[in-house]
Amino acid sequence: MSVNIDSRVVAPGSDDYVDEAWRLKEEISRQEGVLKQRHDFFTDAYRRSKVHCYVRDEELIGFAAVRRDGYILFLAVAPECRGEGIGKRLVARVAEDHDSITCHARTSNENALQFYEHLGFEINRRIDDYYEDGGDAYYLKLGSDVGIADKISELMRR
């Protein structure tokens with residue numbers, strides 16, 4: 001990871017980086033057809049979450065919005081920054097606060113599914129018509145059988 005990348009945490013109730021996160025999410029949505037949430041839903045969920053951010057030269061390049069129970073609502077990394085370990089580091093930051101991490105991913109989102117599988121997430125179940133547009137989702141979990149600290153230590157060595 002570049003030395004110019006800063007890690008920041010946005011506390012629940014704050015609007016810090018919400019507009020930048022929306023723009024990044026929309027860029028990914030246009031390019032990849034995922035992260036299709038409506039603006040009001042996104043901003044409300046963002047404001048209710050603890051958000052881990054990575055910023056390079058004052059530009060948001062990745063974020064993970066997380067509920068108190070360790071559920072990742074949104075995880076996004078700028079397409080031009082993928083492969084630099086940012087997503088993995090965001091999940092590791094979430095793991096510092098939680099015994100288990102869960103999330104949903106579209107069954108058609110191969111990039112996300114490969115990413116989560118690489119980190120050790122397991123598919124717990126499939127949910128048909130989960131998304132507003134009728135898309136199906138997998139519910140994924142990390143940290144149930146083996147301690148999450150061990151899993152994160154292992155993934156950071158990868």
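The values are calculated or read from the model by the stated rules, or taken from the named source; none is laboratory data. All figures in this text were calculated on a predicted structure; none of them were measured in a lab. Cβ: placed from backbone, ideal geometry, glycine included. Neighbour counts: every protein chain shown. All accessible areas refer to the heavy atoms of the entire protein, side chains included, with ligands and DNA or RNA removed. Shrake-Rupley method; radii C 1.70, N 1.55, O 1.52, S 1.80 Å.
Here Leu140, Leu75 are screened, and the one residue that is buried (at least 21 other Cβ atoms within 10 Å of the Cβ), free of Cβ contacts under 8 Å to residues at least 40 places away in the same chain and under 20 Å from Val18 (Cβ atoms) is Leu75. Against the conditions (1) of a type outside the set (Gly, Ala, Ser); (2) open to solvent by 60 Å² or more (accessible area, probe 1.4 Å); (3) at pLDDT 90 or above; (4) touching a strand residue (DSSP E or B) at 6+ places or on another chain (Cβ under 9 Å), Gln114 satisfies every one except (4). Kindly indicate whether Glu84 is within 29 Å of Asp16 (Cβ to Cβ), modelled with pLDDT under 90 and not basic (Lys, Arg). So Glu84 fails the test. When region 33-51 is filtered for residues that are open to solvent by 10 Å² or more (accessible area, probe 1.4 Å) and in contact with a Lys or Arg (Cβ under 7 Å, 6 or more places away or on another chain), the ones remaining, listed by number, are Val34, Leu35.
Counting only residues that are open to solvent by less than 60 Å² (accessible area, probe 1.4 Å) and either in contact with a helix residue (DSSP H, G or I) (Cβ under 7 Å, 6 or more places away or on another chain) or within 13 Å of Gly87 (Cβ to Cβ) (or both), region 117-137 holds 3 of them.
Looking only at helices (runs of 4 or more DSSP H) that fall completely inside region 24-133, which ones have 1 or more residues that are under 20 Å from Ile5 (Cα atoms)?
On the way: elements: 39-47, 86-95, 110-119.
Filter on region 24-133 gives 86-95.
Looking at Val51, Val66, can you tell me which residue is under 25 Å from Ala137 (Cβ atoms), modelled with pLDDT of 95 or more, in contact with a Pro (Cβ under 9 Å, 6 or more places away or on another chain) and of a type outside the set (Gly, Ala, Ser)?
On the way: Val66 fails: in contact with a Pro (Cβ under 9 Å, 6 or more places away or on another chain).
Of Val51, Val66, the one residue that is under 25 Å from Ala137 (Cβ atoms), modelled with pLDDT of 95 or more, in contact with a Pro (Cβ under 9 Å, 6 or more places away or on another chain) and of a type outside the set (Gly, Ala, Ser) is Val51.
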